[in-house]
Amino acid sequence: MSFTRFLLTGLFRAVLVTSLSAGPEYALGVGKLSLGVDATLDAASGLSGPGAGRESLFGTVLGHALWTQTAEATQAKAVTWSAYSSVLWVEGRGPTERILGDFLAVNNAEDYQSLRLYSWWAEANGAAWSWRTGAWLVDEEFCSTTAGGALINSAFGWPAFISSNVLNAGTAYSAAALGSRVALTLPSGWTAKVAVYDGDAFDYAVGDEHLNRHGTHYQLNAGQGAVIFTELGYAPEGAPTRVYLGGWLHTADFVDLGSGETHAGNQGAYAIIERTLAGNTGEAGNVEAHVRYGWAPEDRSTVAWAFDTAVAVTGLLPSRPADVTALGLVYAEMSAKLAGQDFEHVTELSHSIALGEHLTVQPDLQYIRHVGALNTASDAWLFILRLSATY
């Protein structure tokens, strides 16, 4: 297919270019402008169970620009500024759509095909605080984990106890929403963040992909409400253990899954414990692990609670110091008011092979229990091979 040839050619060219440079930078006013491109190509195959023998090919290209003030321009200033913008291009049909029809979404890059404005924001930074406003993704700053970032299943990124219980998965990949965030970081290691976002980045309750297909449609109203996120963390610099407690509130109306009555709003809470078991982050010999749990009221929430844990090892093989090996487990319990649905459970094993500084090949194997969270569904095995280029 033409898209495949184009994307493969683009990735090949990115490999050639990135062998010479880490991305261009340009002087712009009192700051510098950094440009970059991230591209992925995923090939997936159903090994057994629902979708066995089916295949999918799926790719994304993300172009981004970041402007920051230079050190010379900020030496005498109490507040510094930065700005960011990006464009996302998605092609192909991923494994959840084409192969499995699973609930938790086995591929974290899967999305409907489009070319659109992705995220953009401006940020002010003080000595211990920052304020950001624009349109971007909440999962970049809230409820994230280090070890989970090494895995491909979506549930290790934006968790099901939030994504399944707000309108259209909330302001996470791949729909940026208007919002504003304030963060505080104290020398003692305590952090606090609060943000308010548009309640529906798609602007359509049933997720019409055409309404905001190019990322330029913005609408605020009481019907879709707003989503408020808060997070309190304790993560002293250099400390092996980090703890985060957070919560969210969506102010839109939600229908009771049993009685059909309307509830004013939905909410939930979560807790995360991360631990560096060995080494330093990003260096050979590093081992990162986490456990994460979240809850929401099951009278109006598709997922009553979910739990995930993962461990990621950098340089497991001494001869491959930049490779990352990760193992993760995630379990999502459906609301008891949903007839015929009980849970979906995923076990994932992944290995990222660094081919130079800017190219990665990542074979990934997932075992999915109760595909689609249906209590009558069989289990499935899925294999994904991801090729990533960063420039």
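The values are calculated or read from the model by the stated rules, or taken from the named source; none is laboratory data. Predicted, not measured: the structure shown is a model, and the values here were computed from it. Note that each Cβ is placed from the backbone with ideal geometry, even for glycine, and that neighbours are counted across all protein chains shown.
Details
- Residues located in region 214-247, provided they are touching a residue at least 60 places away in the same chain (Cβ under 8 Å) and either β-branched (Val, Ile, Thr) or within 14 Å of Gly179 (Cα to Cα) (or both): Thr216, Tyr218, Val227, Phe229
For every residue, the table says whether it meets (1) farther than 24 Å from Gly148 by Cβ; (2) at pLDDT 95 or above; (3) among the aromatic types (Phe, Trp, Tyr).
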{"position": "Tyr84", "(1), (2), (3)": "no, yes, yes"}
{"position": "Val87", "(1), (2), (3)": "yes, yes, no"}
{"position": "Arg93", "(1), (2), (3)": "yes, no, no"}
{"position": "Ile99", "(1), (2), (3)": "no, yes, no"}
{"position": "Asp102", "(1), (2), (3)": "no, yes, no"}
{"position": "Asn107", "(1), (2), (3)": "no, yes, no"}
{"position": "Leu117", "(1), (2), (3)": "yes, no, no"}
{"position": "Ala124", "(1), (2), (3)": "yes, yes, no"}
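- The residues in region 287-297 that are part of a loop (DSSP other than H, G, I, E, B) and either free of Cβ contacts under 8 Å to residues at least 12 places away in the same chain or buried (at least 21 other Cβ atoms within 10 Å of the Cβ) (or both) can be counted, and the count is 1.
- Residue check, Thr4 modelled with pLDDT of 70 or more and β-branched (Val, Ile, Thr): no
- Of the listed requirements (1) at pLDDT 90 or above; (2) closer than 22 Å to Arg116 by Cα; (3) surrounded by fewer than 18 Cβ atoms within 10 Å (Cβ to Cβ), Ser154 misses just one: (3).
- Ala284 being assigned to a loop (DSSP other than H, G, I, E, B), surrounded by fewer than 18 Cβ atoms within 10 Å (Cβ to Cβ) and not polar (S, T, N, Q): yes
- Some residue of region 180-189 being touching a Leu at 6+ places or on another chain (Cβ under 9 Å) and either β-branched (Val, Ile, Thr) or more than 25 Å from Ala332 (Cβ to Cβ) (or both): no
- Search result, residues across region 38-65 that are under 30 Å from Ser130 (Cα atoms) and crowded, with 17+ Cβ neighbours inside 10 Å: Asp38, Ala39, Val61, Leu62, His64
Here's the yes/no breakdown for (1) under 23 Å from Ser163 (Cα atoms); (2) out of contact with any Ser or Thr (no Cβ under 9 Å at 6 or more places or on another chain); (3) in a loop (DSSP other than H, G, I, E, B):
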residue: Leu33; (1), (2), (3): no, no, no
residue: Ala39; (1), (2), (3): no, no, no
residue: Ala44; (1), (2), (3): no, no, no
residue: His64; (1), (2), (3): no, no, no
residue: Ala83; (1), (2), (3): no, no, no
residue: Thr96; (1), (2), (3): yes, no, no
residue: Leu104; (1), (2), (3): yes, no, yes
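- Residue list for region 226-255, filter: among the polar types (S, T, N, Q) and assigned to a loop (DSSP other than H, G, I, E, B): none
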